[in-house]
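Structure record follows, encoded as structure tokens.
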Amino acid sequence: MPTFVCGDQLRLNKYPPGTATCLVTFPDDLPRQVLMLTAGHAVVSSVAEQGNVISSVATGEAIGSLFCWTNIDGNPTADAALIWVDPAKVAARIRGLTAPTLVNTRPAEGDVVRIMPAQVGGVPRQAKIRAIDQAVDLMVGGPGWPEAPTITYQGQIFTDDLISDAGDSGALVLDWQGQAVGMVVAGSLETGTVITPITAIFANPAWGGMRMALLKDIPSAPLLPVLAPSDSMVGGAADGVADREGTIAAVNGMAMAGALGAQAQDAKNALTDVVFEPASPEEFIRLLTPSAIATMRNFGVPASFTIAQGALESGWGKSKLATNGRNLFGVKADVSWTGDKITMYTREFANGAPVMVEAVWRKYPGLQACLDDHAKFFRDNPRYSGCFQFKDGEGFTNAVAGAGYATDPNYAKKLIATIRARNLGQLDKAF
């Protein structure tokens with residue numbers, strides 16, 4: 001049973017808290033991800049990275065990881081962030097309010113709006129909209145920011161009374177019919193509570209053109225975020241370069257400085273149709289890590305095994321089948337395959353001599369689909385049922401080899417050597 005609900009307070013590390021707004025989704029592009037909306041300045045640090053773990057203030061439990069956020073350069077209309085959450089930890093309901101299913105696209109002066117304050121035991125507060133489409137100068141900082149710059153926000157809503165307190169940034173604002181109006185971003189006696197319209201958040205360019213909507217139902221098979229420790233070393237511990245487990249794409253520098261539409265696209269690329277061209281083993285590991293951990297949690301195949309085998313079979317992603325078909329494991333398209341296909345030549349042996357023959361292979365829409373299909377092969381084949389007692393990559397590798405997976409007597413040794421050399425075993429701790 002989830003212990004965290006929208007309206008509760010959340011935070012990055014030990015920094016001051018913000019409030020969870022509501023659950024949203026990109027239904028056309030990422031329908032299996034459950035995302036939580038909140039105020040950007042509550043969770044986006046001065047050196048924000050996708051994958052930063054976000055926790056409940058009340059319990060300290062990790063509830064999700066930072067997914068992407070808006071750009072506050074220039075004259076922004078929204079300061080928002082999305083957190084990829086685990087629906088087993090987060091409920092869709094709103095504390096003290098009814099979860100909205102509709103959006104108020106045209107709030108008007110005089111409309112009554114309500115919020116639920118962040119403090120426990122509070123009751124809903126209400127006020128009337130005093131003005132719409134307002135510009136306001138606000139000092140906006142974030143966790144660890146050396147200073148709080150003054151930003152001019154455009155298109156904001158002011159209320160006639162101040163109904164928000166410190167810590168309410170991110171609180172959902174509803175109208176009297178229970179429709180979503182916006183999100184609390186600031187407040188003062190002069191402006192009343194400052195509300196960012198929900199339409200400005202949904203239409204923000206930070207989401208890379210993907211359509212955002214309120215989440216009405218938890219997907220039946222949601223993809224789970226990576227909530228691993230932030231100080232882990234993966235994919236080259238020897239050189240001392242830290243790589244956060246579960247980071248989809250590291251974004252360095254001040255949070256207000258990046259081309260943030262690319263963040264959502266990087267996350268989407270792990271799941272959808274893109275050319276896969278890792279430049280190095282380190283990049284191969286970085287690109288596969290989020291999908292490998294999601295597959296591990298959904299199907300039980302250790303992430304270290306998946307990455308090591310993918311590296312061996314595809315030459316660290318350099319094979320044409322990998323780059324053009326996202327097919328890392330050389331899986332052919334037999335009669336049972338109903339997905340896309342790609343035709344390529346392969347070397348086979350006829351009468352003891354090598355010949356090049358044309359073959360049809362499975363073409364995957366993205367890395368996640370490739371890794372999930374690979375895991376299903378092991379899960380659905382009774383020969384490998386005993387392998388799933390092993391939660392670590394080395395144990396799983398030895399079990400798979402013992403079940404007769406490969407004719408190469410050194411196959412297991414090769415995979416285990418890669419797991420150890422690249423410190424991939426750390427990924428299995430995110431099981």
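The numbers here are math on the coordinates, done by the rules we state, and not lab data. In this text the structure is predicted, and so the values were computed from the model without any measurement. Because the Cβ atoms are built from the backbone with ideal geometry, glycine has one as well, and the counts that use them run over all protein chains shown.
Going by Cα centres, the range 65-104 and the range 368-396 are how many Å apart? Centre-to-centre (Cα) distance: 35 Å. Put a dot 7 Å past the Cα of residue 98, heading toward its Cβ, do the same for residue 59, and the two dots end up 2.7 nm apart.
Counting other Cβ atoms within 10 Å as a rough exposure proxy, the listed residues 218, 201 run 218, 201 from fewest neighbours to most. For the range 4-214, the fraction of C-alpha pairs farther apart than 22 angstrom is 42 percent. Neighbour counts of C-beta atoms inside 10 Å place 318, 89 in the sequence 318, 89, starting with the fewest. How far, in nm, would the chain grow between residue 150 and residue 73 when pulled straight, counting 0.36 nm per residue and subtracting the alpha carbon separation? Extra length available between residue 150 and residue 73 comes to 26.7 nm.
Within the same chain, lysines fewer than 8 places from residue 89 are excluded, and of the rest, those with a Cα less than 28 Å from its Cα are 14, 216, 268, 376, 391, 429. A full extension of the chain between residue 165 and residue 128 corresponds to an added length of 11.6 nm, given 0.36 nm per residue minus the alpha carbon distance.
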